[in-house]
Amino acid sequence: MRAAGNDFEERACVELERAGLKLLARNYTTRHGELDLVMRDGDTIAFVEVRYRKNASHGDAASSVTASKQAKLILAAQHWLAAHPQHARRACRFDVVSYDGPADAIRHAWLRGAFEAG
C-alpha cells in the first residue's frame, strides 16, 4: 500500500505544481506524524494530506482525515514551521487531495482549507 501512496503523492504533487504551487517538503516526518506535502501557494503555506481509497465501504478518501488525524497533522505542521522560521509568519492552510475508486475510474478532489488549526 505504501507504493500506491507514493504514486498518489507524486500525482498530487505534479497536479499542485501545475496549479502554481511550489514544493517545499515531501514526507516530512515528526514524532507526531508525517506531512505528505508542504507547498507554497503564493504567500501561503499549504500542508497537504494525500488520501486514496479504492472503494468507499468505509467512507471516501477525504473523510478518512479524521479529527484525530487532523490533530496529528496540525502538530506536525507546527513542528515544520518551528524548523523553518523563515516561513513561520506566513498564512497556513490544510488541504486534502483525495483519490477515490478503482484504477480505471479514479475520482479526484482538491479540498483547499479542508480543516482549520484550532
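Every number here is computed from the coordinates shown, using simple stated rules; none is lab data. Note that the coordinates shown come from a computational prediction; the quantities given were computed from them, not determined experimentally.
For residue 30, the residues whose amide H sits under 5 Å from its own are 35, ignoring neighbours fewer than 5 places away on the same chain, with H placed 1.01 Å from N. For the stretch 18-113, averaging the sequence separation of C-alpha pairs within contact (under 8 Å, six or more residues apart) and dividing by the residue count gives a relative contact order of 28 percent. Out of the DSSP beta bridges found with both residues in the stretch 48-118, what percent are antiparallel (nearest 5)? Percent antiparallel among DSSP bridges in the stretch 48-118 is about 45. Residue-normalised convex hull volume from the C-alpha trace of the stretch 62-110: 97 Å³ per residue.
Helices in the chain, meaning DSSP H runs of at least 4 residues, each add -39500 (n - 2.57). Divided by all residues, the mean residue ellipticity at 222 nm is -9500 deg cm²/dmol.
Globularity index of the stretch 17-86 is 1.20 (Cα radius of gyration / 2.2 N^0.38 Å, N = number of residues).
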